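K.L.:
Please find one structure pasted underneath; my questions will follow.
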Amino acid sequence: MPDWKPEIRRRLARLQLAPTRENAIVEELAQHLDESYAELLACGVSEAEAQRQALTDLNENDLLARELRRVERQVVPEPIVLGTNRRTNMIANLSQDLRFGARMLAKKPGFTLLAVLILALGIGGNTAIFSVVNTVLWRRLPYDATRLVAVNSFAPQKDPRPINFSAADYWDLQAQSQTFEHLASYTGGGFRLKEAERVESIGGTRVTTNFFAAFGVQPLLGRSFTSEEGLMGGPPAVILSHRLWQQRFGSDPQIVGRTLETNIGAITVVGVMPPEFKFPSYAEVWTTLKRDSGEMKSRTARYFQVVGRIKPDQTLESAQAELKAITGRLAEAFPKDNQGRTALLTDWRESLVQDSRKALLVLLGAVAFVLLIACANVANLLLTAAATRRKEMAIRLALGAARWTLIRQLLAESLLLAVLGGALGFLLAVWGVDVLTRLLPEFNFSFRALAEMRNEIRIDRSVLLFTLVVSCLTGVIFGLAPGWQAAKTDVNESLKQSSRGSSAGHQRTRHALVVAEVALALVLLVGAGLLLNSFARMLKVDPGYDPQGLMTVSLSLPAENKYAFAEQVMERIAAAPGVASVALMSYPTPGGVNFPFNRENQPLPNGDVMAAYSAISPNYLRTLKTPLLVGRNFDDRDLPNASPVALINKTMARQYFAGENPIGQKLVIAYYTNQRLTREIVGVVGDVKQEEPNKPAKPEILVPFAQIPWQSGSLLVRSIHPDPLTVKSAVQQAIWSVNPALPESRTKALSKTLAEQVAEPRLYALLLSLFAGIALLLAAVGIYSVLAYSVAQRTQEFGIRLALGAQGRDVLKLVIRQGLKLALLGIGIGLVGALALTRLLKTLLFNVSATDPATFTLIALLLVVVTLVACWLPARRATKVDPMIALRVE
């Protein structure tokens, strides 16, 4: 036998392999050449010719020769040699694996790009949603929220929803409570700032003097409020927001002590808050509530929000029990106003989050499903690639490579893909967070958590860490399947099979991944379908008025002759070009504020109940296009000195005057100053939605503005154009023609108000639909890739079938049937999962069951259709197989 080893060692010398590895390769190749040489001699070939042909086979045809050439080009991972530094070897091996993996990925740019894009969608979506969830649910608030609670008034027999406190009740709670370090209150309130000829409306909040102490914050400049500044006759003081200080006063360091001229008189700036403190989000200034004012003595005007900080030695339960005892005593002392009323404490962050927690966690779960589908897709791609590399893996095992080495190498390639996908996904997340914040409304009480924190949502270190962890876990997850399959490679079987062969284990794994993708996609699609159905039904809810061409316009009213001034303004606006009608109301949106009321002759069994309350001008119903159902509208008879009258809505008539004619009945309404005024009902009007469309209309009382002039007012202007803002300039000029010193009015289209009321469900439906669409696309790609690979592997089979007389449609059905089996199995599993998981959406749905059969059926049919489309392309390719070419493949 010729000595082949010198020639083999010459070829391996440039690789500088470890002696043990080099000897193993030399022995394997020498044994193969010996066998080839012996076979040639047995066939009658001369020794010289046999030696030449053996070397020729080694160079050109033999599989081991091709592996040898691959080894000459690429460094085979080295085993750890005993006696060397383990850490050094581990780092060297990892570095070697990564370099090898990078070269392998670079050789397949199409495969690499597709895998990276799929991963970027999954990782980017997870990062974007996590940044929102992290901000709203977990990130530290820009103030000390430790032991901070929201305190609400609650009377379940009168109203199932917690509401705010009256001022008098708040002062009693503060005086009697022993479990709170601070118990503070706040409510809306700003002023009009006058400088030279410029008048500007500044939005603000009126607070008790311990408000900032309750939040554990101090002004950046100056000081907080003193107790004297919270009393009538005390020095008027204001604290500015950091944003207003920068934008309006140019970051003037001498601002503290400066006196501002406002519509409520001269007021002194005593502080500027830090930039991170923005509560409430609409506040530009904070002024003090005057404890001894008439407003502070009312037990009926419940518009004061309360926040408390519990003492370190107390618990939420002990504070709740104490306030329950105090409110019980108040109910006994003031039965007309406080009967059945108690206090309800909620952790502060929970009070901000409200119903958003479940929706955000549902979105986080949904986008995690998308990532799992992406992982399954990439795992399928890697399994397909691994099937084409089975010969390589078998040869490396035959040459002495450990199975763990193969797993480590494939995991290294997976991690490289994951890191690339994570980097691109992170860029997508930065863009996605920007889009999300733009979709959020500036402020909406039903959308409070996201609205309050919309400017705080950003990519920070925790989000970066999250992206890194998700990327690494993703790489491990989708790298395990091909790595495990490679480790199970049977060397003998793999070397015997043709290069186009595929193991049953690979096929089963790929099929299982496709089934999982379809099941996860169906769960997401059903959830998205339910939310979209719910959202569509919300949009169909009649708000009780026609928002088309309607807008609200803020109006500053003088201290005297408010209604006469408003009438003059309305006359000028009505004469403006493009204006169809105009009316006055006491609140910026239909629905007003809440006041307690009762019936005069037949008092309600549970005492006073709450109703929305608005003061309006006679043209209000005509401008809103809300119908008068029974009785009469307000008119010129309803003057300040005339008999007090009221209109009620349909809901109030149904709830409190069932079976009776409400016209002529009398209501006793409790006002701010504890005054109780009787009004006669003269008409019943249609319901106007005061809140979100998914909430029922509340009882509502309308009174003539002339009989109870409000401190401020808002105009309703209906334009003849669909876009009411086209008459904005004309309306403003009409107001200034009456009083040019008034500030510019704030205007808002009612259609925008309605859109903001459904902003939260719209956002959730939009995002879940987006994720479901991505999941559907990835599932379709998964089905297509598996069938396309299967068709490529079965080319010879299809050629034989066609050669034996099978028709193209028979092959088409065969391939489509294979894809449908996988999809139907996934749909079945997905339906079971959807029935279990969509119940989590129950509180987010409106007029739609979480198990709505129509939605489940339509989604299942949609997946079947998508499966047929995904199957059709590879199936059609199978019908085009040329039998003669296919039979020559092997």
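The values are calculated or read from the model by the stated rules, or taken from the named source; none is laboratory data. In this text, all values refer to a predicted model and were calculated from it rather than measured experimentally. Here Cβ is always computed from backbone atoms with ideal geometry, including for glycine, and neighbour counts include all displayed protein chains. Note: accessible area is taken over every heavy atom of the protein model, side chains too, but ligands, DNA and RNA are not part of it. Shrake-Rupley method; radii C 1.70, N 1.55, O 1.52, S 1.80 Å.
K.L.:
Enumerate the lysines that LYS107 could reach by cross-link, defined here as Cα to Cα under 28 Å, with residues fewer than 8 away along the same chain left out.
P.N.:
Within reach: LYS391, LYS488, LYS496.
K.L.:
Run the numbers for GLU228 and ARG537: contour at 0.36 nm per residue of separation, minus the present Cα-Cα distance, in nm.
P.N.:
Working: separation 309, 0.36 × 309 = 111.24 nm, distance 5.34 nm.
Residue separation times 0.36 nm, minus the Cα-Cα distance, leaves 105.9 nm.
K.L.:
Related question: What does the extension gain come out to for LEU629 and ARG654, with contour length at 0.36 nm per residue minus their alpha carbon separation? Walk me through the numbers before you get to the answer.
P.N.:
On the way: separation 25, 0.36 × 25 = 9.00 nm, distance 1.27 nm.
Once the chain is fully extended between LEU629 and ARG654, it gains 7.7 nm.
K.L.:
Assuming R0 = 25 Å, can you tell me the calculated FRET efficiency for the pair VAL869 and LEU770, based on Cβ-Cβ distance, to the nearest 0.05?
P.N.:
Step by step, r from the Cβ atoms, then E = 0.75.
K.L.:
Work the Kirkwood hydrodynamic radius out for region 140-201: mean of 1/r over every pair of different alpha-carbon atoms, inverted, in Å.
P.N.:
Working: mean 1/r = 0.0653 Å⁻¹.
Evaluated on region 140-201, it is 15.3 Å.
K.L.:
With every protein chain left in place and a probe of 1.4 Å, what is the accessible surface of ARG794, to the nearest 10 Å²?
P.N.:
Surface accessible to solvent at ARG794 totals approximately 50 Å².
K.L.:
Excluding ligands and nucleic acids, what accessible area in Å² is computed for ASP172 using a 1.4 Å probe, to the nearest 10?
P.N.:
It works out to around 40 Å².
K.L.:
So, one more: With a point put 7 Å past each Cα toward its Cβ, work out how far ARG817 is from LEU465 in nm, to one decimal.
P.N.:
5.5
K.L.:
Here's another thing I want to ask about it. So how exposed is TRP872, as accessible area in Å² (1.4 Å probe, rounded to 10)?
P.N.:
The accessible area of TRP872 comes to roughly 120 Å².
K.L.:
Which whole-Hz ³J(HN,Hα) couplings does region 716-723 yield from phi under the Karplus relation 6.51 cos²θ - 1.76 cosθ + 1.60, θ = phi - 60°, glycine and proline marked x?
P.N.:
9, 10, 9, 8, 6, 9, x, 9
K.L.:
Taking only protein heavy atoms into account and a 1.4 Å probe, give the accessible area per residue of region 129-287 in Å². Provide the component values of the computation, followed by the final result.
P.N.:
Values: 6380 Å² over 159 residues.
On a per-residue basis, 40 Å².
K.L.:
Quick one: which residues, 5 or more positions from VAL630 or on another chain, have an amide H under 5 Å from its amide H? H modelled 1.01 Å from N in the peptide plane, none for Pro or chain starts.
P.N.:
So VAL630 has HN proximity to VAL684.
K.L.:
Next up: Over region 500-634, with a single point scatterer placed on each C-alpha, what log10 of the ratio I(q)/I(0) does the Debye formula yield at q = 0.09 1/Å?
P.N.:
These q points yield log10 I(q)/I(0) values of -0.55.
K.L.:
Can you give the FRET efficiency to the nearest 0.05 for ALA42 and ARG10, using r as the Cβ-Cβ distance and R₀ = 22 Å?
P.N.:
Details: r = 28 Å, r/R0 = 1.28.
Once the sixth-power term is evaluated, E becomes 0.20.
K.L.:
Given a 1.4 angstrom probe, what's the average accessible area per residue across region 558-667, in square angstrom? Mind dumping the intermediate values first?
P.N.:
Numbers: 4980 Å² over 110 residues.
Heavy-atom accessible area per residue stands at 45 Å².
K.L.:
Around LEU330, with a cut-off of 9 angstrom between Cβ atoms, what is the net charge of the other residues, counting Lys and Arg +1 and Asp and Glu -1?
P.N.:
Values: positive: ARG299, ARG329, ARG341; negative: ASP169, ASP172, GLU332, ASP337.
Local charge sum for LEU330: -1.
K.L.:
I need the shape label for region 127-261. Rule: rounded when a/c is under 1.5, else prolate if a/b > b/c, else oblate, with a, b, c from the alpha carbon gyration tensor. The partial results should precede the final answer.
P.N.:
Values: a/c = 1.78, a/b = 1.26, b/c = 1.41.
Because a/c hits 1.5 or more and a/b fails to exceed b/c, region 127-261 counts as oblate.
K.L.:
Moving on. Given a 1.4 angstrom probe, I'd like the percentage of the accessible area of the chain that is carbon and sulfur, rounded to a whole number.
P.N.:
Of the solvent-accessible surface of the chain, carbon and sulfur hold 58 percent.
K.L.:
Tell me, in nm to one decimal, what length is gained between ILE663 and LEU804 on full extension, where the rule is 0.36 nm per residue of separation less the Cα-Cα distance?
P.N.:
Details: separation 141, 0.36 × 141 = 50.76 nm, distance 9.00 nm.
Taking 0.36 nm per residue and subtracting the Cα distance, the gain is 41.8 nm.
K.L.:
Related question: Round to a whole angstrom and tell me the spacing of the C-alpha centers of region 584-652 and region 657-704.
P.N.:
Each part reduced to its Cα centre gives a spacing of 5 Å.
K.L.:
So how tilted is helix 86-107 from the main axis of the chain? Cα-based, degrees 0 to 90, rounded to 10.
P.N.:
Rounded to the nearest ten degrees, it is 90.
K.L.:
Let me ask another. In nm, to one decimal, how far is the modelled label at VAL593 from the one at LEU113, with both set 7 Å along Cα→Cβ?
P.N.:
With each label point 7 Å from Cα toward Cβ, the separation is 6.3 nm.
K.L.:
Let me ask something additional. Rounded to whole Hz and in sequence order, give me ³J(HN,Hα) for region 225-231 from the Karplus expression 6.51 cos²θ - 1.76 cosθ + 1.60, θ = phi - 60°, writing x for Gly and Pro.
P.N.:
6, 9, 4, 5, 6, x, 10
K.L.:
With a ≥ b ≥ c taken as the square roots of the eigenvalues of the C-alpha gyration tensor of region 650-778, please select rounded if a/c is under 1.5 and otherwise prolate if a/b is larger than b/c or oblate if it is not? List each step's numbers first, then the result.
P.N.:
Details: a/c = 2.66, a/b = 1.26, b/c = 2.11.
Oblate.
K.L.:
Taking θ = phi - 60°, what integer Hz values does the Karplus form 6.51 cos²θ - 1.76 cosθ + 1.60 yield along region 2-10, in sequence order, with x for Gly and Pro?
P.N.:
After applying 6.51 cos²θ - 1.76 cosθ + 1.60, I find x, 8, 7, 4, x, 5, 5, 4, 4 Hz.
K.L.:
If I model a spin label as a point 7 Å beyond the Cα along the Cα-Cβ vector, how far apart are those points for GLU456 and GLU332 in nm?
P.N.:
For the pair GLU456/GLU332, the computed spacing is 4.1 nm.
K.L.:
I would also like to ask the following. Filter LYS540/LYS689; LYS540/LYS842; LYS698/LYS842; LYS813/LYS880; LYS358/LYS842; LYS158/LYS695 down to the pairs with a C-alpha to C-alpha distance above 18 Å, please. Don't jump to the answer; show the numbers that get you there.
P.N.:
On the way: LYS540/LYS689 13 Å; LYS540/LYS842 20 Å; LYS698/LYS842 23 Å; LYS813/LYS880 14 Å; LYS358/LYS842 10 Å; LYS158/LYS695 16 Å.
Pairs exceeding the cut-off: LYS540/LYS842; LYS698/LYS842.
K.L.:
Normalised by the number of residues in the chain, what is the relative contact order in percent for Cα pairs under 8 Å and 6+ residues apart?
P.N.:
Relative contact order comes out at 15 percent.
K.L.:
Could you list which residues have their amide H under 5 Å from that of ASN649, counting only those 5 or more apart in sequence or on another chain, with H placed in the peptide plane?
P.N.:
VAL685, GLU700
K.L.:
Continuing with the same structure: Which net charge results when you count Lys and Arg as +1 and Asp and Glu as -1 among the other residues whose beta-carbon is under 13 Å from that of GLY607? Numbers along the way, then the final one.
P.N.:
Details: positive: LYS158, ARG299, LYS336, ARG341, ARG599, ARG676; negative: ASP159, GLU332, ASP337, ASP608.
Overall, the nearby charge balance is +2.
K.L.:
Further question: Within the set of other residues whose C-beta is less than 12 Å from the C-beta of ASP169, count the net charge using Lys and Arg as +1 and Asp and Glu as -1.
P.N.:
Values: positive: LYS297, ARG299, ARG302, ARG329, ARG341; negative: ASP172, ASP337.
Cβ neighbours under 12 Å give a net charge of +3.
K.L.:
Taking amide hydrogens as modeled 1.01 Å from N in the peptide plane, which residues meet the under 5 Å criterion relative to ARG223, leaving out close sequence neighbours?
P.N.:
Placed amide hydrogens put GLY271, VAL272 under 5 Å from ARG223.
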